[in-house]
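Novice: First the structure, then my questions, so here it is.
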Amino acid sequence: MAKKPQQLAIDTRPWRDTANNKPFVRIKNVSKKFGDIIAVHEVSLDIYKSELFCLLGGSGSGKSTLLRMLAGFETPTSGTIEIDGQDMTEVPPYNRPVNMMFQSYALFPHMSVEQNIAYGLKRDGLPRAEIAARVNELLVLVKLQDYGKRKPHQLSGGQRQRVALARALAKRPKLLLLDEPLGALDKKLREETQFELVKIQEQLGVTFIVVTHDQEEAMTLATRIGVMNQGEIAMIGEPTDIYEFPNSRFVANFIGSANMVEGVVSEDEPDHVRIRSSELGCDIYVGHGVDCAPEQRLWWAIRPEKMVLSREQPAGLHGANVATGIVEEIAYLGDISVYQIALESGKRLRVSQTNSVRGNPDAITWDETVYVTWDEDAGSVLTS
Amino acid sequence: MTATHDPTIPPPRRLKPWNAVEKGLARVGITGRMLVLIAPLIWLLVFFLVPLAVVFGISLANKQFGRPPYTPLLTSEEGTVQLTLHLNNYIRLFTDNLYVAAYLSSIRIAAIATIITLLVGYPMAYAIARAPDRWRNILLMLVVLPFFTSFLLRVYALTGFMRGNGVINQFLGLFGIEPIVMMQTDFAVYVGIVYTYLPFMILPLYTTLVKLDVSLFEASADLGARPIHTFLFVTLPLSLPGIIAGSMLVFIPAIGEFVIPSLLGGPETLMIGRVLWDEFFSATNWPRASAVAVAMLLVVVVPIMLLQRAQGAVVEK
Amino acid sequence: MRKGWFLPIAAALGFSFLYAPIVSLVIFSFNESSLVTVWSGFSTKWYGELFSDPQLLGAAWLSLQIAALSASIALVLGTLAAIALVRFRRFRGRTLFAGMVSAPLVMPDVITGLSLLLLFVAMEGFLGWPQGRGMLTIVIAHATFCTAYVCVVVQSRLSDFDRSLEEAAMDLGASPVRTFFDITLPIIAPALVSGWLLGFTLSLDDLVIASFVSGPGSSTLPMVIFSKVRLGVSPDVNALASIIIGIVALGVLAATIIQLRSKPRDRQV
């Protein structure tokens, strides 16, 4: 199979240096309307060579429509799509150097596995011997050497998924689009296949664009993630950015779980910000400057694992970052326990603690009054 | 870059012959869509819609001797075109007792036969829907099979069964029962309609019944309903679209039925299809036959609309 | 439980009602006597008589030709109509088109027959075509109502069709036309076969419409049978009916087997 590329996108991170790197896929101001419904609204997105880019969003977020426009099944109402420097906006799907792996796999039921994989190569008019060699290569790649003569309905779900992948890779496309590639598999198979997929992608160096609604899948697969909401891109970033530094309430809530608190800016300094929150019953001290104005109403989000529970009142930070409440619910999940703390304001916080001591008899339990505290940089200040 | 591009692959933008043809057609303003639509559209316009319009037109003409045997609607005399419409065919339909009676009796016969078909067909459809999987296809095939054998021959088979010295009466004779007159009665017409249209009733009923989840019946029983209540309050309402669709599929063609009344019915069995046939073939009164047809269309229009709605519901479920 | 007995018995009675007349007809076709309902010994003489009746044989041959031709025309028109109805969500006149496609299904035969005859007569007057009536006019009439049946069968298959199969083919470089022949056609093929068979049997079966639009010398098989039957029971019709029933039974059996075999394909993802 293809040689391993010298450098993987994840190693070079071309998106961090846009001045010296040319994007491979350029989506410019693309909108798509179906009648009165706006499916995709003014999306601009650059994707670089050898990336594994995930479009993440709920149903109706426009992620699939965007993917279908890249494949050529839909034409944008406005905007342009460039692939490898060529304008592809009006090019029909059968003339694009792009292949797609379908959510339903779309394996041709009346053709064998081999015929399915060979279909695209035949359309290109390749010599028969070369087609046979290529099909064989791909069957080895997806570990289905012995299944070439079978019909799709004689395969298991996981095998079908691999045939679909092999068929989409057969023409060695510059860009591979994957629509919920793991959606139809059960949980265990999905986890195995995730790593398989990343391995194949790195081995071939093909640029992947994956559409998924599963945030865990996006986190494990992607070099970068584009979170979509109501036809727009809410945030683009590396998985850690998306999780640790969400840019909006939507992203913070959509990825993982987050405690969202409303507050008012009481101190706005270049090196720190203080937020007064009646919901928390205390002030929030944030250890960096934020683009905001005094007395501005904003939100602050914090992940459950970024907070600490204690029975004794901690010192706190500049007289802030300590909330008091009563343990209302405990969900024991084995590795961690999630505590639901009811604050005086009626606000509930979710705090997770690692169960590092086995069968801890001294663990915090129901109805105890506890203190919740956090670091000055543990949460994200959100203005939208 | 190096790994993904293979110089042996020809560039994918080769012009293929079909693309050229498509492009050529597109240039003249012909899209693929139009090519698909045009043939069936024109065919149906010319051989379905236009004929109905012609029927309506001729129903407004008068009978005359000659070829064609009706007066022309449009006549031109010295440059002026004259349109002559006659309403007397329609007036005749309402004033001549024969026609009114024929319409009423057609509706009555079709309705009674439809109800009998429903009563016979419902248990059969229900039994098939509840049968084990491997039996279901065979039973369905047995229902459909007679539908594929000639309609005419099935009606004919019935005559052999019901005539004075037919199979039934010979069977009854074994027990010393006097032969019963069945042929050439309205009874024979009912039997004929039920016999030939039964598959049309069973299939839509089966389609709705087979989709009913068994857990619905279990839930009903669990909530304390006896089987009869489950049937009345769960099964029956849920199979209503199938009942309507099946009934209309029997009722509509039964109204215009010609073969059954003429082979099984007696001289006093009045059905509108037969009247139209006689008007056309025996009396060669084409305008009158056309008027009868137009009136018949009006009679079946409401059931047809009912059918369309019910079929939508059968398919959706 | 009462229900446990009621359904099987009702079904058994229903099926015997459906089949008893047919079975007795087949049995009596082997009856020696010309009195159709009195058994007087086994004989195949009526079958022999059948094959020496040139009128009946001629009518049968004509009917078969008409059925094959009209089913084939209906196959093309009905498939195109089904594609238009399933695939083109919106076009001007869609309601009218859908109505025209499905109306012949429920249109009483006498109306269809009368209206087409009047059309042909009028067309001959205005255009000089079709000249007289005969096989051509019957084929046109049969193709028209068979189109509706083919369309229904193909439509249901097409609406189950996973569109992403076609998209996948195009994605792999097949033009739309190529995609139709490579993917769509093979997958809907079973529906096309059953649509054609349905059209064929319906055409072979039709008495009323053919009676209206046929001309002198072009009597179809049902027309000949009808004129015989009208005069009373005739044993050679029993023989003919038995042959037709035999052929149809074999045909339906074959179709069922083909369908059952192609089932697993439907279930693929």
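Novice: Take the residues in region C:78-101 that are surrounded by fewer than 20 Cβ atoms within 10 Å (Cβ to Cβ) and touching a residue at least 40 places away in the same chain (Cβ under 8 Å), then tell me which one is nearest to B:Arg33 (Cα to Cα).
Specialist: Filtering first and then ranking leaves C:Arg87.
Novice: A follow-up question, please. Is there a residue in region B:132-140 that is within 23 Å of C:Ile225 (Cβ to Cβ) and either surrounded by fewer than 22 Cβ atoms within 10 Å (Cβ to Cβ) or at pLDDT 90 or above (or both)?
Specialist: No: region B:132-140 contains no residue that is within 23 Å of C:Ile225 (Cβ to Cβ) and either surrounded by fewer than 22 Cβ atoms within 10 Å (Cβ to Cβ) or at pLDDT 90 or above (or both).
Novice: If you don't mind, another one. Scan (1) under 25 Å from C:Ser156 (Cβ atoms); (2) at the interface with another protein chain (Cβ under 8 Å from one of its Cβ atoms) for the single condition C:Pro8 breaks and write down its number.
Specialist: (1)
For (1) within 21 Å of A:Ile225 (Cβ to Cβ); (2) of a type outside the set (S, T, N, Q); (3) within 14 Å of chain C (Cβ to nearest Cβ), each residue gets a yes or a no:
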{"position": "A:Leu45", "(1), (2), (3)": "yes, yes, no"}
{"position": "A:Lys49", "(1), (2), (3)": "yes, yes, no"}
{"position": "A:Thr65", "(1), (2), (3)": "yes, no, yes"}
{"position": "A:Met111", "(1), (2), (3)": "no, yes, yes"}
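Novice: Can I ask one more? Do you know which of the residues in region C:104-128 that are small (Gly, Ala, Ser) and in contact with a helix residue (DSSP H, G or I) (Cβ under 7 Å, 6 or more places away or on another chain) is nearest to the other protein chains (Cβ to nearest Cβ)?
Specialist: Taking region C:104-128 and keeping what is small (Gly, Ala, Ser), we get C:113, C:115, C:122, C:125, C:128.
If we keep only those that are in contact with a helix residue (DSSP H, G or I) (Cβ under 7 Å, 6 or more places away or on another chain) as well, we get C:113, C:115, C:122.
Details: C:Gly113: 9, C:Ser115: 4, C:Ala122: 6 Å.
Within region C:104-128, the match that is nearest to the other protein chains (Cβ to nearest Cβ) is C:Ser115.
Novice: In addition: Output the helices (runs of 4 or more DSSP H) that fall wholly within region C:1-111 and possess 3 or more residues being within 24 Å of the chain's Cα centre (by Cα), or say none. Full working, then the answer.
Specialist: Values: elements: C:2-28, C:45-51, C:54-87, C:94-106.
Those helices (runs of 4 or more DSSP H) span C:2-28, C:54-87, C:94-106.
Novice: Moving on to the next point. Here is a check on your reading of the model: is A:Ile37 out of contact with any Cys (no Cβ under 8 Å at 6 or more places or on another chain) and surrounded by fewer than 18 Cβ atoms within 10 Å (Cβ to Cβ)? Talk me through it step by step, then tell me what you get.
Specialist: Numbers: out of contact with any Cys (no Cβ under 8 Å at 6 or more places or on another chain): yes; surrounded by fewer than 18 Cβ atoms within 10 Å (Cβ to Cβ): yes.
Yes, satisfied.
Novice: Okay, moving on. Within region C:77-102, track down each residue that is within 15 Å of C:His142 (Cα to Cα) and more than 7 Å from chain B (Cβ to nearest Cβ).
Specialist: Of everything in region C:77-102, those that are within 15 Å of C:His142 (Cα to Cα) and more than 7 Å from chain B (Cβ to nearest Cβ) turn out to be C:Gly78, C:Ser102.
Novice: Look through region A:361-384, keep the residues that are charged (D, E, K, R) and within 16 Å of A:Val286 (Cα to Cα), and return whichever of them is surrounded by the most Cβ atoms within 10 Å (Cβ to Cβ).
Specialist: Taking the candidates together, the pick is A:Glu376.
Novice: Going by the structure shown, is A:Arg134 within 14 Å of chain C (Cβ to nearest Cβ) and within 21 Å of A:Ile209 (Cβ to Cβ)?
Specialist: So A:Arg134 fails the test.
Novice: Another one. Limited to region A:169-204, what total is found for residues that are within 14 Å of chain B (Cβ to nearest Cβ) and under 25 Å from A:Glu114 (Cβ atoms)?
Specialist: Count: 12.
Novice: Separate question: Residues to consider are A:Leu197, A:Leu169; find the one that is at pLDDT 90 or above, under 27 Å from A:Arg134 (Cα atoms) and of a type in the set (A, V, I, L, M, F, W, C).
Specialist: A:Leu169
Novice: Have a look at B:Gly173, B:Gly160 and point out the one that is surrounded by fewer than 13 Cβ atoms within 10 Å (Cβ to Cβ) and either small (Gly, Ala, Ser) or not assigned by TED's automatic domain parsing to the domain that holds B:Met271 (or both).
Specialist: Result: B:Gly173 is the single residue among B:Gly173, B:Gly160 that is surrounded by fewer than 13 Cβ atoms within 10 Å (Cβ to Cβ) and either small (Gly, Ala, Ser) or not assigned by TED's automatic domain parsing to the domain that holds B:Met271 (or both).
Novice: Turning to a different aspect of this structure: In region C:163-178, what count of residues is obtained for those that are at the interface with another protein chain (Cβ under 7 Å from one of its Cβ atoms) and either of a type in the set (Ser, Thr, Tyr) or surrounded by fewer than 17 Cβ atoms within 10 Å (Cβ to Cβ) (or both)?
Specialist: 3
Novice: Checking C:Tyr19 against (1) surrounded by 13 or more Cβ atoms within 10 Å (Cβ to Cβ); (2) touching a residue at least 40 places away in the same chain (Cβ under 8 Å), which single condition isn't satisfied?
Specialist: C:Tyr19 satisfies all of (1) surrounded by 13 or more Cβ atoms within 10 Å (Cβ to Cβ); (2) touching a residue at least 40 places away in the same chain (Cβ under 8 Å) except (2).
Novice: Might you let me know whether region C:180-200 holds any residue that is free of Cβ contacts under 8 Å to residues at least 24 places away in the same chain, in contact with an Asp or Glu (Cβ under 9 Å, 6 or more places away or on another chain), of a type outside the set (S, T, N, Q) and within 12 Å of chain A (Cβ to nearest Cβ)?
Specialist: yes
Novice: While we're on this one: Filter region B:34-59 down to the residues that are in contact with a Pro (Cβ under 9 Å, 6 or more places away or on another chain) and either β-branched (Val, Ile, Thr) or over 18 Å from C:Gly125 (Cα atoms) (or both) and list them by number.
Specialist: B:Leu44, B:Phe48, B:Ile58, listed by residue number.
Novice: I would also like to ask the following. Of everything in region C:144-162 that's of a type in the set (S, T, N, Q) and under 26 Å from C:Ile66 (Cα atoms), which residue is farthest from the other protein chains (Cβ to nearest Cβ)?
Specialist: C:Gln155
Novice: Right, next: Considering each residue of region A:94-114, count those that are among the acidic types (Asp, Glu) and surrounded by 24 or more Cβ atoms within 10 Å (Cβ to Cβ), and give that number.
Specialist: Step one: list which residues in region A:94-114 are among the acidic types (Asp, Glu), which gives A:114.
Now restrict to residues that are surrounded by 24 or more Cβ atoms within 10 Å (Cβ to Cβ): none.
Adding up the residues that qualify gives 0.
Novice: Could you tell me whether C:Gln55 is farther than 28 Å from B:Leu297 by Cβ and at pLDDT 90 or above? Let's see the steps before the verdict.
Specialist: On the way: farther than 28 Å from B:Leu297 by Cβ: yes; at pLDDT 90 or above: no.
Judged against the criteria, C:Gln55 is not a match.
Novice: So, one more: Please find, among A:Ala320, A:Ala331, the residue that is more than 16 Å from A:Met260 (Cα to Cα) and at pLDDT below 90.
Specialist: On the way: A:Ala331 fails: at pLDDT below 90.
Among A:Ala320, A:Ala331, only A:Ala320 is more than 16 Å from A:Met260 (Cα to Cα) and at pLDDT below 90.
The values are calculated or read from the model by the stated rules, or taken from the named source; none is laboratory data. Just so we're clear, the structure is a prediction, and the values are computed from it rather than from any experiment. Positions of Cβ are backbone-derived with ideal geometry, glycine not excepted, and every protein chain shown enters the neighbour counts.
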